[in-house]
Amino acid sequence: MFQGVFALVVLVIGYVLIANIQTELEGLGLNIFPFVSTKGSFPFIDFSSDFLGQRAGFKIDQRSFGFDYTANDTFFRAFITGLLNTIQVSMIGIAIATVLGVVVGVSRLSSNWLVSRVATLYVETFRNIPLLLQLIFWYIAVFLKAPLIGDSLDFFGVAFLSVRGLALPEVQSSSGFGIWIIFVPLAVGAAIAVRHMLIRRQDETGKPSYPWWGASGAFVAIVGVSFLILGMPLAIDSPEVGQFSYEGGMTIKPELAALITGLSVYTASFIAEIVRGSVLAIPKGQTEAAQALGFNGVQRLRLVILPQALAIIIPPLTNQYLNLMKNSSLAIAVAYKDLFDVGNVTINQAGQAVPMVALLMAAYLSLSLTISAVMNGIYSRLKWRSAR
């Protein structure tokens with residue numbers, strides 16, 4: 001009862017606040033939200049005043065996930081383009097930072113003096129330099145100092161690096177891709193079934209049946225055979241160096257490369273410390289027991305230490321993922337059109353600061369809650385399996 005009354009009071013206060021602010025702003029020809037009006041006794045939806053439907057009039061060279069955008073499109077489409085750019089940077093940055101952070105964190109615990117000291121130097125260096133300075137360094141001192149396209153660095157004819165960006169092979173799909181992709185979840189289901197069957201056989205006979213190998217074989221067999229039957233619906237388009245730009249493949253522009261590198265390297269230094277601390281939190285007896293069973297260093301880490309450390313790693317790791325996503329708003333420093341930069345340009349073009357800031361806050365909040373929900377789901381699943 002008390003919670004309901006409290007919620008009602010909050011809603012009433014919020015309504016009065018929004019209505020008063022909206023009334024004053026409408027007197028100035030402004031809106032607090034692009035779709036709210038106070039004409040009448042209550043605020044109501046009014047899409048006729050929605051500035052997001054107006055022509056944007058500015059270009060966005062960097063686009064993600066094949067989303068098309070031109071300067072003649074609306075502010076809303078520009079907003080979605082910036083949102084997708086932020087999502088792309090966050091996804092790639094999280095993946096790279098996780099792998100790099102785990103490697104560096106484990107390396108700090110290495111018995112090899114050189115490996116341990118190099119990992120420590122990495123952590124202490126990148127963790128204590130402001131991210132903004134690192135982004136500027138990677139952009140100006142590294143990627144913009146790359147050779148001209150005619151003198152591109154050649155990585156075995158597969159990839160090229162120049163001031164135009166990093167050119168990589170691109171996977172392109174053909175007409176049979178839509179059918180082939182259906183076999184992928186079927187292969188996953190078959191792999192899970194094979195794994196459970198082999199585990200059951202292993203429990204019944206007491207002999208190793210290698211369930212993971214069997215599951216992997218089933219997955220590869222189904223995916224591979226269907227791939228061949230459908231005439232190889234995926235092809236690799238390799239880049240070539242042209243006179244003024246790369247031809248074929250995909251090109252990661254210096255702005256995106258600098259942003260991903262800076263975010264990944266910076267966040268990985270914090271993830272490394274999380275991994276190191278979590279591993280040290282595992283009782284020493286676990287390691288000694290694994291040694292007594294004859295496990296080597298890699299087996300101890302993979303089968304005993306890291307599985308137990310995951311429960312400790314995930315909560316602070318979630319915070320680092322959230323920080324990386326929010327830190328991507330510094331993309332404006334390297335001229336990358338992310339969500340924040342597009343919002344800033346929209347404010348200057350449309351003159352709708354309050355609604356645009358509200359939309360930006362809602363977008364970043366949604367991304368944060370999505371990351372938190374995914375990580376909480378993984379954590380709950382891990383705790384459930386541990387309790388079995």
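No value in this document is a laboratory result; all are computed from the given coordinates. This is a predicted model, so every value here is computed, not measured. With ideal geometry, Cβ positions are generated from the backbone for all residues, glycine too; neighbour counts draw on all protein chains shown.
At 0.36 nm per residue, and after removing the present C-alpha to C-alpha distance, how many nm does the segment from residue 140 to residue 280 gain when stretched out fully?
Numbers: separation 140, 0.36 × 140 = 50.40 nm, distance 3.86 nm.
Full extension from residue 140 to residue 280 adds 46.5 nm.
Between 217, 277, 262, the GNM of the chain built on Cα springs shorter than 10 angstrom shows 217 fluctuating the most. Dipole orientation for the chain: of the candidates 360, 6, 111, 111 has the Cα lying most toward the positive pole (charges on Cβ; Lys, Arg +1; Asp, Glu -1). Rounded if a/c is under 1.5, else prolate if a/b is larger than b/c, else oblate: which is the stretch 177-229, with a ≥ b ≥ c the root eigenvalues of its Cα gyration tensor? Prolate shape, in that a/c is at least 1.5 and a/b is the bigger ratio. Counting only lysines at least 8 places from residue 253 when in the same chain, those with an alpha carbon closer than 20 Å to its own are 59, 145, 337. With 0.36 nm allotted per residue and the present C-alpha distance subtracted, the residue 72-residue 244 stretch has 59.2 nm of extension available.
For the pair residue 366 and residue 227, what calculated FRET efficiency results from E = 1/(1 + (r/R0)^6), where r is the Cβ-Cβ distance and R0 = 51 Å, to the nearest 0.05? Display every interim value, and only then the final one.
Numbers: r = 36 Å, r/R0 = 0.71.
E between residue 227 and residue 366, to the nearest 0.05, is 0.90.
Under a Gaussian network description of the chain, with springs only between Cα atoms under 10 Å, the residue in 89, 118, 345 that fluctuates furthest is 118. Modelled this way, with points 7 Å down the Cα-to-C-beta line, the labels at residue 10 and residue 132 are 3.3 nm from one another. Our helix-only sum for the chain, with -39,500 (n - 2.57) per DSSP H run of n ≥ 4 divided by its residues, gives a mean residue ellipticity at 222 nm of -21000 deg cm²/dmol. Estimated from the Cβ-Cβ distance and a Förster radius of 51 angstrom, the FRET efficiency linking residue 348 and residue 179 is about 0.60.
In summary, the convex hull built on the alpha carbon positions of the stretch 216-371 has an orientation-averaged projected area of 16.2 nm². Note on percent of Cα pairs over 38 Å apart: of the candidates (1) 13; (2) 29; (3) 40, the value calculated from this structure sits at (3). Can you give the FRET efficiency for residue 293 and residue 17, using 1/(1 + (r/R0)^6), R0 = 56 Å, r = Cβ-Cβ distance, to the nearest 0.05? The formula returns an efficiency of 0.30 here. Running a GNM on the chain with Cα contacts under 10 Å, which residue among 198, 234, 148 ends up with the highest mean-square fluctuation? In the Gaussian network model the winner is 198.
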